[in-house]
Amino acid sequence: MNKQSQLITGESGAMAAPARRSSSASTRKKRVQAQNAWFGRYVKLSIFSLCFVLAMVLILVGKTGLSTFASLSPADFFFSLDWTPEEDRFGAGSLIIGTLLLTFLTLLISVPVSVGIAVFLSEICPSWMKRIYRSMLDILVGIPSVVYGYLGLTVLLPIIRQASGENLGDGLLAASLVLSLMILPTISRVSDDALTAVPGSYREAAYALGSTRLQAIVKVILPCASRGILSAIILGMARAIGETMAVVMVIGNTAQLPRDLVTPTSVLTSTIVMQISNVEFTSTWSHALYMMAFLLLVISLGLIILLRVIRSKGESQA
């Protein structure tokens, strides 16, 4: 009887073990499914919160900015060059033109240098040196803009004064040089990644056809990486347009069209940061400053959308 009961007990235990394992696996599966469901809700809530904040920013800034045209015509705001808010003249034309000129001059200086650095890093520089230079560029990207502005104020402006003979030296030249130094690491690193991503077979095919290194770079590698380089330029442009503190410290902050590169002038960002704390929220002056911020916001969104379109086309063609 004892042996028979032991056999029965052993058989029941052997049958119960798979049942316990099945129950444990089912519990673990339910727990994983619950965790995935909660994580999915968290992700959706995060995306919704981000979209909600962005929408609220657009509505607040846009609604407040458009209130400018309740007491001022769009033609006077966009095309008049007379920005004298103390006398109720809110022509932002000179500020808009100054912003465009500063952005253009900054890109004119920084893009050739940045692309040249990227080509050197990806195609010419030895491997041990690449790590050093890329680390240096990453450090430059993280330096606060106020540091660049202070260096421009204390180092660059005296040099410009001495070279030009001007008493101040503030203006588009100083601001564009400071901004060029700021966005140069960003354009260089993104362009470097785009050039590095070009397949090595393209280089080998170019050399097999008798191309020199310069010909392979100019006629094969740069065209293949053109979309990535253009994306880098757009990123740099977006930072240059929205930069504030560094520009405020070296541009002069005078609302006038610049006669030359060393004439004090002003742009949208510097005007906003210098004047927004001194005006009443419900005044036309405040609404005009909000309209400038709305313009910058629309430009930044447009650049981001353009960047996404370029990247999506590049991925589809790849």
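Values in this text are rule-based calculations from the coordinates and carry no lab data. Predicted model only: the values in this text are computed from it and were never measured. Every residue, glycine as well, gets a Cβ built from its backbone with ideal geometry; the counts of neighbours run over all protein chains shown.
Descriptive notes on the structure:
- Each part reduced to its alpha carbon centroid, segment 135-162 and segment 293-310 end up 26 Å apart.
- Neighbour net charge for Ala37 - beta-carbon separation under 12 angstrom, K R +1, D E -1: +4
- The chain: angle of helix 2-66 to the longest principal axis, Cα-based, in degrees nearest 10: 10
- Between Ser201 and Gln162, the contour length at 0.36 nm per residue exceeds the alpha carbon distance by 8.9 nm.
- Read-out Rg/Rh (Cα atoms, Kirkwood Rh), derived from the coordinates shown; its label in [x] 1.03; [y] 1.23; [z] 0.93: [y]
- With R₀ set to 35 Å, the beta-carbon distance separating Gln35 from Ile310 gives a calculated FRET efficiency near 0.40.
- Relative to the Cα centre, the charge distribution of the chain, modelled as +1 at Lys and Arg Cβ and -1 at Asp and Glu Cβ, gives a dipole magnitude of about 2400 debye.
- Compared with the dominant principal axis of the Cα atoms in the chain, helix 172-196 is inclined by about 30°.
- Helix 284-317 and the longest principal axis of the Cα set of the chain meet at an angle near 50°.
- Close amide H partners of Ala225, meaning residues 5 or more places away or on another chain with modelled amide H under 5 Å apart, do not exist here.
- Local charge for Gly252 was computed over the other residues whose Cβ lies under 11 Å away, with Lys and Arg +1 and Asp and Glu -1, and equals -2.
- The spacing between segment 46-111 and segment 179-249, judged by their C-alpha centroids, is 30 Å.
- Selection among Ser127, Leu66, Val115 by position relative to the dipole of segment 47-131 gives Ser127 as farthest towards the positive end (Cβ unit charges, Cα centre).
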